[in-house]
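Novice: Here's a structure for you.
None of the figures in this text is laboratory data; all of them are computed from the coordinates on show. Please read these numbers as outputs of a predicted model, since none were measured by experiment. Neighbour counts are summed over all protein chains in view; Cβ atoms, including those assigned to glycine, are modelled from backbone coordinates with ideal geometry.
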Amino acid sequence: MPRPFASPEVAAAFDGFAPSPRAGLLALRRMILEEAAALSQIGPVEECLRWGQPAYLTPRTKAATTLRLGTARTGEFTLFVHCRTRLIPDFTAQFPGRDRVEGTRAVIFDHASQIDSLRHGWLIRRALTYHLAAP
């Protein structure tokens with residue numbers, strides 16, 4: 001059963017996405033929440049809006065760098081990370097040529113079937129524990 005949205009505003013943000021991107025974004029949301037639940041050291045994950053987009057952070061422990069979900073102008077959907085981290089470069093080094101990325105800030109998807117629990121779970125776990133691994 002899907003976890004309820006944290007607020008009516010977050011629910012409205014998901015409702016505002018077109019059906020195809022919404023399906024993929026909901027799948028990424030589910031993956032973020034499942035990965036977070038398996039990482040007890042990061043504390044509770046907060047679901048909120050940043051720049052009008054669903055965002056996931058760890059305010060109590062500050063273990064994570066923010067993950068955001070959104071769409072691109074051309075209709076694709078995206079998993080955003082903070083652009084000043086090494087997450088996307090490390091991700092593309094770990095899984096070369098497997099995904100379309102935008103600079104150092106996003107993985108871009110055309111369809112929910114492109115979401116891979118191994119690759120994208122790896123990226124989500126790294127983002128959720130980003131400040132724990134930093135020196």
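Novice: Determine whether the range 48-56 contains at least one residue that is aromatic (Phe, Trp, Tyr) and on the phi > 0 side of the Ramachandran plot. Quick ask: steps written out before the conclusion?
Specialist: Step one: list which residues in the range 48-56 are aromatic (Phe, Trp, Tyr), which gives 51, 56.
Still in the running and on the phi > 0 side of the Ramachandran plot: 51.
Within the range 48-56, one or more residues are aromatic (Phe, Trp, Tyr) and on the phi > 0 side of the Ramachandran plot.
Novice: While we're on this one: Residues that are farther than 26 Å from Ala11 by Cα and over 12 Å from the mean Cα position of the chain (by Cα), at least 1 per element: which strands (runs of 3 or more DSSP E) completely within the range 45-135 meet that?
Specialist: Details: elements: 46-50, 53-57, 67-71, 77-80, 100-102, 106-109.
Correct list: 100-102.
Novice: Filter the range 1-54 down to the residues that are among the small types (Gly, Ala, Ser) and farther than 17 Å from Leu118 by Cα and list them by number. Steps first, answer last, please.
Specialist: Step one: of the range 1-54, the residues among the small types (Gly, Ala, Ser) are 6-7, 11-13, 16, 18, 20, 23-24, 27, 36-38, 40, 43, 52.
Those that are among the small types (Gly, Ala, Ser) and farther than 17 Å from Leu118 by Cα: Ala6, Ser7, Ala11, Ala12, Ala13, Gly16, Ala18, Ser20, Ala23, Ser40, Gly43, Gly52.
Novice: Which members of the range 8-21 meet the condition of being surrounded by fewer than 19 Cβ atoms within 10 Å (Cβ to Cβ) and part of a helix (DSSP H, G or I)? Walk me through how you get there before you give the answer.
Specialist: First pass over the range 8-21, keeping only residues surrounded by fewer than 19 Cβ atoms within 10 Å (Cβ to Cβ): 8-12, 14-16, 18-20.
The answer is Pro8, Glu9, Val10, Ala11, Ala12, Phe14, Asp15, Pro19, Ser20.
Novice: Taking the range 71-115 only, how many residues are small (Gly, Ala, Ser) and closer than 17 Å to Arg125 by Cα? Before the answer, list the steps.
Specialist: Keep residues of the range 71-115 that are small (Gly, Ala, Ser), which gives 72, 75, 93, 97, 103, 106, 112-113.
Remaining after also requiring closer than 17 Å to Arg125 by Cα: 93, 106.
The total comes to 2.
Novice: On to the next question. Restrict the check to the range 94-103 and report whether at least one residue is free of Cβ contacts under 8 Å to residues at least 24 places away in the same chain and within 21 Å of Ala64 (Cα to Cα).
Specialist: Among the residues of the range 94-103, at least one is free of Cβ contacts under 8 Å to residues at least 24 places away in the same chain and within 21 Å of Ala64 (Cα to Cα), which makes the answer yes.
Novice: Another question about this same structure. Restricting to the range 37-56, give me the number of residues that are closer than 17 Å to Val81 by Cα and not aliphatic (A, V, I, L, M).
Specialist: 9
Novice: Same structure again: Please pick out the residue among Phe91, Phe109 that is among the hydrophobic types (A, V, I, L, M, F, W, C), touching a residue at least 40 places away in the same chain (Cβ under 8 Å) and crowded, with 17+ Cβ neighbours inside 10 Å.
Specialist: Working: Phe91 fails: touching a residue at least 40 places away in the same chain (Cβ under 8 Å).
Going through Phe91, Phe109 in turn, the sole match is Phe109.
Novice: Same structure again: Quick one: Phe5 ticks every box in (1) without any contact (Cβ under 8 Å) to a residue 24 or more places away in the chain; (2) in contact with a helix residue (DSSP H, G or I) (Cβ under 6 Å, 6 or more places away or on another chain) except a single one, so which number is it?
Specialist: (1)
Novice: Let me ask something additional. Looking at the range 34-65 only, could you name the residues that are touching a strand residue (DSSP E or B) at 6+ places or on another chain (Cβ under 8 Å), aliphatic (A, V, I, L, M) and buried (at least 16 other Cβ atoms within 10 Å of the Cβ)?
Specialist: Across the range 34-65, the qualifying residues are Ala36, Val45, Ala55, Leu57, Ala64.
Novice: Are any residues in the range 52-70 in contact with a Lys or Arg (Cβ under 7 Å, 6 or more places away or on another chain) and closer than 16 Å to Arg125 by Cβ, and if so, which ones? Step through it out loud before you land on a result.
Specialist: Applying the first criterion (in contact with a Lys or Arg (Cβ under 7 Å, 6 or more places away or on another chain)) to the range 52-70 yields 53-55, 66, 68-69.
Matches in the range 52-70: Thr66 only.
Novice: Between residues in the range 11-36 that are under 19 Å from Val81 (Cβ atoms) and residues that are in a helix (DSSP H, G or I) and small (Gly, Ala, Ser), which pairs lie under 7 Å by C-beta distance while being six or more apart or on different chains?
Specialist: Gly24/Ala112; Ala27/Ala112; Met31/Ser117; Met31/Gly121; Glu35/Gly121
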